[in-house]
Amino acid sequence: MPEKTKIGVFGVGHLGKHHARILNKIQRADLVGVHDVDPQRGEEIADREGVPYFSNAEELME
C-alpha cells in the first residue's frame with residue numbers, strides 16, 4: 001500500500017471543519033492536526049477528529 005500523505009488543516013471554520021472530517025476518512029491521507037485562530041473552535045474540531053490542535057501554524061507545518 002502506498003505511503004499516506006500527511007495533511008494539516010489551517011482554519012476549521014465553516015468549510016475547514018468539513019475538510020478535516022472528510023480528510024480523516026480518506027485511507028491514503030493522514031490528518032496530523034488542525035490550526036485555527038479561535039482556540040476554542042480549533043480544539044473542538046481537533047477533539048472531534050481525534051487529532052492535535054496547534055495554536056501555532058508553524059508547528060503544524062513541521
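Since every read-out is calculated from the coordinates, none of them should be taken as a lab result. Predicted model only: the values in this text are computed from it and were never measured. Virtual Cβ from ideal backbone geometry, glycine too; neighbours counted across all protein chains shown.
At a threshold of 8 angstrom on Cα-Cα distance, excluding pairs fewer than six apart, so keeping six or more, what relative contact order does the chain reach in percent? Worked out over the chain, it gives 33 percent.
Phi-derived couplings, Karplus 6.51 cos²θ - 1.76 cosθ + 1.60 at θ = phi - 60°, listed residue by residue for the stretch 34-43: 9, 9, 8, 6, 9, x, 4, 5, x, 5 Hz, with x used for Gly and Pro. All C-alpha pair distances within the chain, sorted into 5 Å bins from zero, spread as 4, 22, 32, 24, 12, 4, 1, 0 percent across the bins.
Taking amide H as placed 1.01 Å from N in the peptide plane, the amide H of GLY11 sits under 5 Å from that of HIS35, ASP36, each at least 5 places away or on another chain.
Distance between the modelled labels on GLU62 and GLU43, one decimal in nanometres: 2.1 nm (7 Å Cα→Cβ projection). Under 5 Å from the amide H of LEU31 lie the amide H atoms of ILE7, each residue being 5 or more positions distant or on a separate chain, with H modelled from the backbone and absent for Pro and chain starts.
In a simple Cβ point-charge model (Lys, Arg +1; Asp, Glu -1; nothing else charged), the stretch 14-62 has a dipole of about 400 debye relative to its Cα centre. Computed extension length for LYS4-ARG21: 4.5 nm, one decimal, from 0.36 nm per residue of separation with the Cα-Cα distance subtracted.
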